[in-house]
Every structure is written in structure tokens, then in C-alpha cells.
Amino acid sequence: GARQQTNFCNESLMLEKLPACGKSFEEMMKKVDSKKWCNLTEFITYYDKFTQCTEHEANTASCFWPNPLAEGFITGIHKQFFSNCTSEKVHWEDPPDEILVTLILIPVMLTCAMITLVVWCSKRSDIL
């Protein structure tokens, strides 16, 4: 019968190759002002190349991607470059009462007016 060849993930080879991706990303990030490291649009191309590199190296080592070891490496890169980036949470507040009452009353009044108009028109079928 036909023999099925099974490729096993060579984790040590992958871990040996991934730092080259990190080094390349580090060199590319030197072109970006560190104050802009939290703005993804400033370095999205570099990050895409980094991601493709890690995927290529994992596949070269016959490993699936992402995998726990590659994710650990990527997390380390994130900590190195993006540890000061925090997501700012928007604090929503209710509008002032005057505006809130107005925003509620306008649709209520329009609904009442439309109901009144429909009822009035239905009682005056002689005009239609």
C-alpha cells in the first residue's frame, strides 16, 4: 500500500528561526517614531511582514500556525513594543435632562399626531 508521510512539528527549529522575524520587525520599527507605536496605521505593513515571517518559519518547521510557542514569541514582541499602549475606554454620559426630555418627547408627540390624523381621516371617509 501507499505510505503516508507524516511531518512532525520541529519545535526547536521553529524557536531557532522565529527570533530572526523579531529582529527584522525591530529593525523596521526603528523607522517609526516610538511615540506612534500605539497607532497601528503607522506600522501595519511592518506588522504584516512580521506575521507572515512567523507563519513561514512555523510552516518551514512543519508546525501549524499559530501555535502556543509562536504565540508566546509574538506576545513577547507585543510586550517589547506595545506594553505602553492601553485601550482608552469611552465613558458614556447621559445628555442633560433638557435635551433628554426633548429627544423623548418629539417622537412621542409625532406618534400621537399621526394616530390622531389617521383616526380623523378614517372618520371622514366622505372626503376621500
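The values are calculated or read from the model by the stated rules, or taken from the named source; none is laboratory data. All values derive from a computational prediction rather than experimental measurement. Here the Cβ positions follow ideal geometry from the backbone for every residue, glycine too, while neighbour counts run over all protein chains shown. Note: areas computed on protein heavy atoms with side chains; ligands, DNA, RNA excluded. Shrake-Rupley method; radii C 1.70, N 1.55, O 1.52, S 1.80 Å.
This table checks each residue for (1) over 30 Å from K30 (Cβ atoms); (2) loosely packed, with under 10 Cβ neighbours inside 10 Å; (3) at pLDDT below 90.
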residue	(1), (2), (3)
D94	yes, yes, yes
V101	yes, no, no
I104	yes, no, no
P107	yes, yes, no
A113	yes, no, no
So, in the stretch 48-72, exactly how many residues are open to solvent by 50 Å² or more (accessible area, probe 1.4 Å) and under 21 Å from the mean Cα position of the chain (by Cα)? 8
Give all pairs with beta carbons closer than 8 Å in which a residue from the stretch 52-74 that is in the same structural domain as F25 (by the TED database) meets a residue that is open to solvent by less than 50 Å² (accessible area, probe 1.4 Å) and not in a helix (DSSP H, G or I); count only pairs at least 6 apart in sequence or on separate chains. A58/N67; L69/C63; A70/C63
Counting only residues that are free of Cβ contacts under 8 Å to residues at least 40 places away in the same chain and open to solvent by 70 Å² or more (accessible area, probe 1.4 Å), the stretch 5-38 contains a total of 12
